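Colleague: Can you read through this structure? Questions will come right after.
The values are calculated or read from the model by the stated rules, or taken from the named source; none is laboratory data. On a predicted model such as this, the values are computed, not experimentally measured, just so you know. Cβ placement follows ideal geometry from the backbone for every residue including glycine, while neighbour counts extend to all protein chains displayed.
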Amino acid sequence: MEGLEEKLRNPFMLRFRMTLYVAENSKAHVTGFAMVLQEPNLNFCYLDYLAVSGGTVGRGVGAAMYEYVRDEAVAQGAKGLFFECLPDDADKCRDATLRKQNASRLRFYERYDARPIMGTAYETPVPGGSGDNIPHLVFDGLDREKTLKAKFLRDVVQAVLERKYGTICPPEYIAKVVESIHQNPIQLRPVRYNKQPVERPQAQPNAPEPIALIVHDRHGIHHIKERGYVESPVRISVIMSELSTSGLFETVPPKEYPIKHIQATHDPDLVEFLKKACASTPVGKSVYPYVFPIRNRARPPKELSIRAGYYCIDTFTPINIHAFPAAIRAVDCALTAADEILRGRRMAYALVRPPGHHAERSSFGGFCYFNNAAVTAQYLSRFGTVAILDIDYHHGNGQQDIFYHRSDVLTVSVHGDPDFAYPYFTGFADEIGTGPGTGFNINIPLPEIQDGSQYRIALATAMRHVQQFSPAFLIVALGLDPAKGDPTGTWSLGAKDFEENGRMLNSLGRPTVVIQEGGYRTRTLGKNVLAFFQGLVAPKVAREWQSAK
């Protein structure tokens, strides 16, 4: 119990995703809890603790919790549920009272066909430890007919011993236990207590955990009422009209974060310029950069509107009094989503505008002022590696620029070829990073004509890079401008394509922050966003994309 708070506060401390399940009675008194560790790479769950209050023993609380844990493991696509249970044999447990308790537990789990694994050295005492009462490793196949393979079990045991017991299990001990696993298939202990087949509740996937939805609550102040400016407030309202009744989301209010998180990603000079330039712009007026100096940066113009050319990459991203506060709040929403993930949530969605993925370390443009995805990646990188997968129609030049020299953040972008698509000057396949970041920037430029099936081949390639990198966190820069009819794109994806894209991404099994980027055909925008998330929370499917050519 003393370590519980730290495990939940820092869920990636042991490189497992940790979830605490709590049972309460009608008076909100805790009657039991279970702690489950999930390993998304190997695709297994480990039941760390299951305990019920002394006054509730025999009332079915433990069974209800275990059945819920099994259902959750199935929903997560786990190949099996593992846990330890103390022995019930006299030669392995000398204390008769304790042995009786152990037998009761093993009898309970046997109802679910969860039995101790046999024929391995898992019960070997650690150096200097007692040989009495060494726990069995128990396997629950979650009602699947598949047998337990030696290779999978070796990976599971190594992960458990290294991460959970690394402080008491020396490397040579772990190697000995792992090497002892070679019988194929792995044998479980014969049924000992339930000689007759018993009816047991079959594990069923629970309803998916709600996605945390963080909506930019002040985005409406950033409204450029000029003909042709497609990044408008209606984008949020048409998305929310579809999501609000879907039952997939739980709204979480955005918090405020110190500006230091933006300054850790963007040049402080850019941040200060945008702050002053926006504040000095008259209400109702927008200033567009129109002078772009290429030399003598040591003597910038005094007039802020002219100086904008030092920081902006185009002529259609305006400075106005509301741009800076709206952009700051968008970052707040993205960081709130990140904190939801750090608390153990599987998925969070920051529905924001203005977008961010074209904002580089020292420049803004493409409707973007601060890079929401990059600031979030920097924030999460304190706890583990991060992959940013940008699936907007346009290249994620901002993430590329900010992380081009780093190996702890993988940046992958699937986009229109810069030969014809904005931002034109980046996004080529040979831009792979520099120095320590070499190989950690992946660009997948695509032709001007692209349908859903063609796009999924490219997405599969991008996902293989993410899977190989094996990040602790995934950030999806979600652009819906690959949609058919989008005024800024040329591709023809429909709602079913976006649903399939989401389903593919779900198979990565990563704690995921989705951040809204482009998508400007408002007639279909909401339906396409909903379809994407319906795919993202759908039950995991076999990873056909791994073999896509």
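Colleague: If K164 meets every condition in (1) in contact (Cβ under 8 Å) with a residue 60 or more places away in the chain; (2) surrounded by 13 or more Cβ atoms within 10 Å (Cβ to Cβ); (3) outside the structural domain of A73 (by TED's automatic domain parsing) apart from one, which number is that one?
Modeller: (3)
Colleague: Suppose the filter is within 17 Å of A377 (Cβ to Cβ), in contact (Cβ under 8 Å) with a residue 60 or more places away in the chain and touching a helix residue (DSSP H, G or I) at 6+ places or on another chain (Cβ under 7 Å); does F473 pass it?
Modeller: On the way: within 17 Å of A377 (Cβ to Cβ): yes; in contact (Cβ under 8 Å) with a residue 60 or more places away in the chain: yes; touching a helix residue (DSSP H, G or I) at 6+ places or on another chain (Cβ under 7 Å): yes.
Answer is yes for this residue.
Colleague: Then there is this: Could you say which residue among V238, V178 is in contact (Cβ under 8 Å) with a residue 40 or more places away in the chain and not in a loop (DSSP other than H, G, I, E, B)?
Modeller: Values: V178 fails: in contact (Cβ under 8 Å) with a residue 40 or more places away in the chain.
V238 is the lone residue from the list that is in contact (Cβ under 8 Å) with a residue 40 or more places away in the chain and not in a loop (DSSP other than H, G, I, E, B).
Colleague: Kindly list, by first and then second residue, each pair from a residue in the range 208-220 that is on the phi < 0 side of the Ramachandran plot to a residue that is surrounded by fewer than 17 Cβ atoms within 10 Å (Cβ to Cβ) and β-branched (V, I, T), limited to pairs with Cβ atoms under 8 Å and residues at least 6 apart or on different chains.
Modeller: Between residues of the range 208-220 that are on the phi < 0 side of the Ramachandran plot and residues that are surrounded by fewer than 17 Cβ atoms within 10 Å (Cβ to Cβ) and β-branched (V, I, T), the close pairs are L213/T251; I214/T251; V215/T251.
Colleague: Take the range 41-70 and flag every residue that is in a loop (DSSP other than H, G, I, E, B) and touching a Lys or Arg at 6+ places or on another chain (Cβ under 6 Å).
Modeller: First pass over the range 41-70, keeping only residues in a loop (DSSP other than H, G, I, E, B): 41-43, 53, 57-60.
Across the range 41-70, the qualifying residue is only N43.
Colleague: Find the residue count for the range 505-532, including only residues that are assigned to a helix (DSSP H, G or I) and hydroxyl-bearing (S, T, Y). Working first, answer last.
Modeller: Here is the first cut: in the range 505-532, the residues assigned to a helix (DSSP H, G or I) are 505-506, 522-532.
Keeping just the survivors that are hydroxyl-bearing (S, T, Y) gives 522, 524.
Selection size over the range 505-532: 2.
Colleague: Can you confirm whether the range 477-497 contains a residue that is farther than 21 Å from T411 by Cβ, touching a strand residue (DSSP E or B) at 6+ places or on another chain (Cβ under 9 Å), part of a helix (DSSP H, G or I) and not acidic (D, E)?
Modeller: Yes, because at least one residue in the range 477-497 is farther than 21 Å from T411 by Cβ, touching a strand residue (DSSP E or B) at 6+ places or on another chain (Cβ under 9 Å), part of a helix (DSSP H, G or I) and not acidic (D, E).
Colleague: Working carefully through the options T281, T265, find the one that is among the polar types (S, T, N, Q), surrounded by 14 or more Cβ atoms within 10 Å (Cβ to Cβ), farther than 30 Å from Y68 by Cα and under 24 Å from the mean Cα position of the chain (by Cα). Please lay out each step first, then the result.
Modeller: Values: T281 fails: under 24 Å from the mean Cα position of the chain (by Cα).
Criteria check complete, one pass: T265.
Colleague: I'd like the full set of residues that are surrounded by 15 or more Cβ atoms within 10 Å (Cβ to Cβ) and either in contact with a strand residue (DSSP E or B) (Cβ under 7 Å, 6 or more places away or on another chain) or of a type outside the set (V, I, T) (or both), limited to the range 134-149. Explain how you work it out, then say what you get.
Modeller: As a first pass, look at the range 134-149 and keep what is surrounded by 15 or more Cβ atoms within 10 Å (Cβ to Cβ): 134-142, 148.
Matches in the range 134-149: P135, H136, L137, V138, F139, D140, G141, L142, L148.
Colleague: Further, regarding this structure: I'm checking my understanding of the structure. Among residues of the range 103-132 that are touching a strand residue (DSSP E or B) at 6+ places or on another chain (Cβ under 7 Å) and outside any loop (DSSP other than H, G, I, E, B), which one is surrounded by the fewest Cβ atoms within 10 Å (Cβ to Cβ)?
Modeller: Ranking the candidates gives R105 first.
Colleague: Another question, then. For the range 414-428, how many residues meet the condition of being without any contact (Cβ under 8 Å) to a residue 40 or more places away in the chain and either under 20 Å from D267 (Cα atoms) or of a type in the set (S, T, Y) (or both)?
Modeller: Qualifying residue count for the region: 2.
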